[in-house]
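Worksheet: the structure to be examined is printed underneath.
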Amino acid sequence: MKQQPTNSVNDSKAYTSSAYNSQDIAPQAQPSPKGLLQSLLTKGQSFSFRRPTSTISTSAVMGQNPIHWKKMAEYISKTQEQAGWDEQRLEQEALSRWTQIYMFLSAVGKISCQFFLPLFIVVFLTMPFYDERSSFIEAFEALGLVLLYGFFPLSLLWGQAELVNRGYFTPWFLKAQKQFSLNRQTGMVTLYKSNGKPRFSHPFIEFDCILVSAPSHQGLINYALYLVHRYNGYSQGIPLHGLMPNNQLVVEYQALWNMIQRYMDISQPMPDVLILEAARERDITTAKFDLAGKRGHPSHYWREMSDEEFTKTLEAIRGKQQKSPKQGPVLDIFKKSKAA
């Protein structure tokens, strides 16, 4: 007999009436004429709403290997922070400008202490041997000033960066800033300002998915995938392409859009990927799906893999997906939709 999940879904994590359900979509109004900014933002290839399949974007999940997941799980347990992607919401963060400056200075500090500090010590301590005007006392004094006002601050920056990497202490100005959030339980999509406050928040079904392309300086085509609100003239979109490495093939952006739709669709289980495996038993639809034996994998399928097994499995999935449709049938969202 199958056992119930150890972490049951409580009422606070139940789906709300605004959650996205591909089998029950309220008829959407036709979009109004777009302004100039909106026209420029939506100038690209439009990806339709579809009945999602099990296709995943292997590029989006490749970097989240078992070793990375274990480190992340340990960090979350130590700091009591929420995961960036779980049964409740998918949240993307970005480094602040202060963080980028700090990382640059800490890198300078590390290089200076590891490579230039020994050189400075040798130069100053041997100065009396090649400069008759210098004495050992003057050399020590000069070296002390360099260490105090030069290398000591740089070593503090380097040391602080090492503490941050180990999850011990992160100053408030180094914390990542939320970019956007997609909430499975409420169906809401939110874009945030740089101060962490919402810029706008609307139901998932009110967004169009647009693939924008532009040539680079090298003549290559760069792609960006956005969710653009259909009924408001916002000049900003939700940058979904930030969820995977740059410059992927178009099929990978299609697979990412399919995976996002499956995640938001409460009529279907969440995507079967490592980052969401621990959260499967806490999601109502996904837990029922797994208890019925439809997943076809053990509960720790991804988490028990080695990094080598993980990479080979994703490569096999990518090869299999090349021979099958990336997306399901199109849903007509502008009149009463019927699931295919």
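No value in this document is a laboratory result; all are computed from the given coordinates. In this text, all values refer to a predicted model and were calculated from it rather than measured experimentally. Virtual Cβ from ideal backbone geometry, glycine too; neighbours counted across all protein chains shown.
From the C-alpha gyration tensor of the stretch 98-165, pull out the three semi-axes of the equivalent ellipsoid (sqrt of 5λ each), sorted largest to smallest, in whole Å.
Working: eigenvalues 182, 20, 13 Å².
The equivalent ellipsoid of the stretch 98-165 has semi-axes of 30, 10, 8 Å.
Give, rounded to the nearest 20 debye, the magnitude of the charge dipole that the stretch 183-261 has about its Cα centre when Lys and Arg contribute +1 at Cβ and Asp and Glu contribute -1 at Cβ.
Details: 5 positive and 3 negative charges, 65 e Å.
I would put it at about 320 debye.
Any idea what the relative contact order of the stretch 98-165 is, in percent, if you count C-alpha pairs under 8 Å spaced at least 6 apart?
48
What full-extension length gain, to one decimal in nm, is calculated for TYR130 and ILE284 as 0.36 nm per residue of separation minus the Cα-Cα distance? Display every interim value, and only then the final one.
Working: separation 154, 0.36 × 154 = 55.44 nm, distance 7.73 nm.
Once the chain is fully extended between TYR130 and ILE284, it gains 47.7 nm.
Cut-off under 13 Å on the C-alpha distance; same-chain residues fewer than 8 positions from LYS70 excluded. Which aspartates and glutamates are left, in chain and number order?
Output for LYS70: GLU277, GLU304, ASP307.
Provide the gained length on full extension for the span THR16 to ASP332, in nm with one decimal, where the gain is 0.36 nm per separating residue minus the Cα-Cα distance.
Numbers: separation 316, 0.36 × 316 = 113.76 nm, distance 2.28 nm.
Between THR16 and ASP332, full extension yields 111.5 nm more.
Estimate the FRET efficiency between LEU156 and ILE121 by the formula 1/(1 + (r/R0)^6), using the beta-carbon distance for r and 22 Å for R0, to the nearest 0.05. Please report the intermediate quantities before stating the final value.
Working: r = 19 Å, r/R0 = 0.84.
That pair, LEU156 with ILE121, gives E of 0.75.
Given R₀ = 41 Å, FRET efficiency for GLN23-SER216 by Cβ-Cβ distance, to 0.05? Don't skip to the end; give the middle numbers.
Details: r = 41 Å, r/R0 = 1.00.
After rounding, the FRET efficiency stands at 0.50.
Using the per-residue mean of other Cβ atoms lying within 10 Å as a proxy for protection, in what order, highest first, do the peptides 196-202, 234-240, 209-215, 263-269 fall? Walk me through the numbers before you get to the answer.
Details: 196-202: 13.0, 234-240: 18.3, 209-215: 15.6, 263-269: 21.7.
Highest-to-lowest ranking by the protection proxy: 263-269, 234-240, 209-215, 196-202.
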